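Computed from the coordinates by the stated procedures, all read-outs in this text should not be read as laboratory data. Given the structure is predicted, the values throughout are model-derived calculations rather than measurements. Every residue, glycine among them, receives a Cβ derived from its backbone with ideal geometry; neighbour counts consider all protein chains shown.
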Amino acid sequence: MENIVVLGSTGSIGQNTLDIISRTDKFKLTAISFNTNIKVAKKQIEAFKPQYVCCGTKQIADQIKETFKDLTVVYGKDGIMQISSLGDSDIYVNALVGTSGLIPTYNILKSKKKIALANKESLVIAGNIFTKMAKEAGIEITPIDSEHSAIYQCIEGRNKEDIENIILTASGGPFLNRQDLNNITVEDALKHPTWSMGNKITIDSATMMNKGFETIEAKWLFDIDYRKIKILIHKESIMHSAVEFKDGSIIAQLSAHDMRIPIAYALTKPKRMELECKISLADIGSLNFQKPDFDKFPTLSLAYYALEKEDNNIGLILNAADEVLIETFLKRKIQFIHIFDILKKAVDLFEDSLPKDIFAIEKETIYIKAEIKKMIEKEFTGG
Ligand code: NDP
Ligand code: MG
């Protein structure tokens, strides 16, 4: 039995991960972390009886301690530092969202623990640092993201030199067939056609920034020339990605759009779990593919621009600006269409080389987020 820690246990990936853990006797859940969702966290503590819990604030920690007297409860930045470097853990799932996952990824890799990574932002911001750390420690960063799990499964045991292209599929999001991106409401943007996910990634899917981030994620996970990563729109989200080899063969992974499949694979590979997620291709009937529209979604070009330049901070900027923009859009203070302009502006303003140290990277992220907030206030709220 392995001791497993799930960071971000109350989120969409976190809850699916706990569902998978509950179906096997391979893991003992020793620690969880969450921010504020005490209701779900309490249910998880009752069901899994972890030894450690980390939450967002002291006030929430006190509430948890009142109910669960024997539990070690930590909170805030220090808490996440402790919980992401527990001595007796064997494997970590990083299902935190956005920049909150950065330092935990660093700690996990530093303590040379196995890591199943959902937090793609870690690789978008500092992919070169993390992949180098993993290589030096002799550990693998196992992807949870469905596309990257698919690619992983397609290239597993094969010769990397034979890869011609990685075909990264995208549903296209809710605005695939909408030409005019003006006057999009929060409700429109949160209506993902195929996947049910947390708010940030759902908006990222609507702007296609998610696919941009995934292109960067793929580059680092598979150590591949970025020019070989090709985005393909596939609206049914059944083919989760594919790999084209030099003889023209294309190998793909197909399944239902249910995150429990890639999560389970990340935790049990090369074995597979029995899951009730089967699909009938005969019932689906047909699968469609089309080219992405780089003009309509400038987020894609921005991601390729980040990949074009070595050791730059463009991933950091895109992630930082994107976090602020999504928060502001969800509060209905900016239009959906503004997200594209401000992302571009942020890259123009802050492009530089990437700091070498992860704590300096975090500091730069905080600085850029504050600057973007000021810029938005000035431009859109007359502040
Ligand atoms: P959610 O928003 O659903 O969950 C995020 C988790 O992180 C929650 O447990 C949340 O706690 C916690 N959290 C949020 N902010 C903070 C913070 N500042 N400090 C500490 N903890 C925090 O996100 P998802 O599960 O959708 O996504 C998680 C990651 O997985 C993202 O990087 C996403 O891109 C990636 N991913 C998600 C997929 C999906 O299907 N959802 C698919 C592929 C990748 P609380 O609940 O208390 O707020
Ligand atoms: Mg994905």
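Please determine whether any residue of the stretch 148-166 is within 16 Å of ligand 2 (Cβ to nearest atom) and either in a loop (DSSP other than H, G, I, E, B) or among the hydroxyl-bearing types (Ser, Thr, Tyr) (or both). Yes: one or more hits.
Return a yes/no flag: does the stretch 333-356 have any residue that is within 21 Å of the chain's Cα centre (by Cα), part of a helix (DSSP H, G or I), surrounded by fewer than 16 Cβ atoms within 10 Å (Cβ to Cβ) and of a type in the set (A, V, I, L, M, F, W, C). No, that holds for no residue.
Whenever a residue of the stretch 138-164 is within 14 Å of residue 93 (Cα to Cα), its partners that are part of a helix (DSSP H, G or I) and among the basic types (Lys, Arg), lying with C-beta atoms within less than 8 angstrom and at least six residues away or across chains, give the pairs 145/120. Number of residues in the stretch 211-233 that are farther than 20 Å from residue 116 by Cα, more than 12 Å from ligand 2 (Cβ to nearest atom) and not aliphatic (A, V, I, L, M) equals 5.
Given the criterion surrounded by fewer than 23 Cβ atoms within 10 Å (Cβ to Cβ) and of a type in the set (Gly, Ala, Ser), identify the matching residue among 31, 95, 47. Explain how you work it out, then say what you get.
Values: 31 fails: surrounded by fewer than 23 Cβ atoms within 10 Å (Cβ to Cβ); 95 fails: surrounded by fewer than 23 Cβ atoms within 10 Å (Cβ to Cβ).
Being surrounded by fewer than 23 Cβ atoms within 10 Å (Cβ to Cβ) and of a type in the set (Gly, Ala, Ser) holds for just one of 31, 95, 47, which is 47.
Within the stretch 102-136, restricting attention to residues that are surrounded by fewer than 24 Cβ atoms within 10 Å (Cβ to Cβ) and small (Gly, Ala, Ser), the residue that is nearest to residue 357 (Cα to Cα) is 127. Would you be able to say whether some residue in the stretch 123-139 is part of a helix (DSSP H, G or I), more than 24 Å from residue 323 (Cβ to Cβ) and within 16 Å of ligand 1 (Cβ to nearest atom)? Looking through the stretch 123-139, none of the residues is part of a helix (DSSP H, G or I), more than 24 Å from residue 323 (Cβ to Cβ) and within 16 Å of ligand 1 (Cβ to nearest atom).
Here residue 193 meets the list (1) closer than 19 Å to residue 300 by Cβ; (2) touching a helix residue (DSSP H, G or I) at 6+ places or on another chain (Cβ under 8 Å); (3) without any contact (Cβ under 8 Å) to a residue 60 or more places away in the chain almost entirely, failing just condition (2). Failed condition for residue 181, given (1) within 12 Å of ligand 2 (Cβ to nearest atom); (2) within 15 Å of residue 299 (Cβ to Cβ); (3) assigned to a loop (DSSP other than H, G, I, E, B), with all others met? Of (1) within 12 Å of ligand 2 (Cβ to nearest atom); (2) within 15 Å of residue 299 (Cβ to Cβ); (3) assigned to a loop (DSSP other than H, G, I, E, B), only one is false for residue 181: (1).
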